[in-house]
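Structure record follows, encoded as structure tokens.
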């Protein structure tokens, strides 16, 4: 019994499967964080346009040829462009949509114009298919050109796009080299079978890959939210205490010093009372930005609560810790903060402590740095004082 393959049936089955996936994605979108929904809506739009193009293509003998050609190419080009825009939004990339729309328009207009100028079906299809491959390359570029593009799941989508480009280019080359293989759109040949059979499944796999990307990013965001202070975007107390415990273990393992700075904004309550809590929040975020400019790449900044911050400084002895604290203090004392248009001089008190043999837990090191900070406040504020056990007198 001879095996046969019906291209129309494959297109209709692929259209049904892709439509179901698109509807499911639309339902899932409601449960995603709001920051992901806009990109997912674009992806769903592309996923639903592709099966519509499959149906239009399968009905080519039952609807006017011109309608079938124009509509199917328009939907395919629009669907691929929607995928590229979804990735652009997902990764927060600069908008470069003119190229997408020009390629989409060129693929549609060329199919119409070439049909009037060139009678050779293979040549016409080769041009259109190559333009579609260029559109797919835009999807691939938006997938990988962002610094935010991380994680392994993106490779699923990347593999799908590469396969799609390879099929399209292979089909164009085959039709150009051996045009006799294409007597019509549904002519059975190896290239045609690969294009329609694999192409009808690729949108489903691509949608699965994009959904995994959203899930992976959402998981990373949740993990980050559990470790980062929502206002100042530095480590929260829980995270900085975990990092402190690890830093102590690393310092003892490698025999290197470890310093801690506790920084407190002086008279912070006056800022809230005189300028309002919004200005107080601005002071906290501006303070974090200013502290970060004075830190090294390996230093870790966290917020202990209120207006108190902590800096973990690996491989730093007592003298270097005090120098760093003084540098941070002078950056505040010498330049006022811009609090919602109001320039206000803000000072800080800094306490420094260095890991001692008696420190078994991070809380002991932190307590000594905290006491040094309060000593700086009691001594008149706008000072840096080192804990006596650190071997450095302020």
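On full extension, the segment bounded by residue 17 and residue 159 gains 49.1 nm, given 0.36 nm per residue less the C-alpha separation. Put simply, the C-alpha atoms of the stretch 303-380 give a gyration tensor, and the ellipsoid matching it has half-axes of 26, 14, 12 Å, longest first.
Projecting label points 7 angstrom from Cα along Cα→Cβ for residue 330 and residue 275 puts them 2.4 nm apart. Estimated at 0.36 nm per residue, the fully extended path between residue 246 and residue 342 surpasses their Cα-Cα distance by 30.5 nm.
Calculate the length of the line joining the C-alpha centroid of the stretch 227-306 to that of the stretch 45-79, in whole Å. After rounding, the separation between the Cα centres reads 57 Å.
Grouping the Cα pair distances of the stretch 194-278 into 10 Å bins from zero gives a pair-distance distribution of 13, 20, 22, 18, 13, 9, 4, 0 percent in increasing distance order. Model label points for residue 218 and residue 356, set 7 angstrom from Cα along the Cα-to-Cβ axis, are 5.0 nm apart. Each label point was placed 7 Å from the Cα along the Cα-to-Cβ direction; for residue 374 and residue 176 their separation is 7.8 nm. Within the chain, DSSP assigns beta bridges of which about 85% are antiparallel (rounded to the nearest 5). For the chain, the mean residue ellipticity at 222 nm estimated from helices alone is -22000 deg cm²/dmol, where every DSSP H run of n ≥ 4 contributes -39500 (n - 2.57) and the total is divided by all residues, rounded to the nearest 500. Computed over the stretch 237-390, the range of Cα coordinates on each principal axis works out to 48, 29, 22 Å, biggest value leading. Could you give the length gained by full extension between residue 28 and residue 101, i.e. 0.36 nm per residue of separation minus their alpha carbon distance, to one decimal place? Full-extension gain reported as 23.5 nm.
Counting only alpha carbon atoms, the long axis of helix 121-144 and the longest principal axis of the chain meet at about 10°. D for the chain, whole µm²/s, Stokes-Einstein with Kirkwood Rh over alpha-carbon pairs at 20 °C and 1.002 mPa s: what number? D = 84 µm²/s. Residues 270, 377 in ascending order of nearby Cβ atoms (within 10 Å, fewest first): 270, 377. Helix 97-117 and the longest principal axis of the Cα set of the chain meet at an angle near 10°.
Rule-based calculations on the coordinates, nothing more; no lab input. Keep in mind the model is a prediction, meaning the values are calculated, not measured. Here the Cβ is made from the backbone with ideal geometry for all residues, glycine too, and neighbour counts use every protein chain on show.
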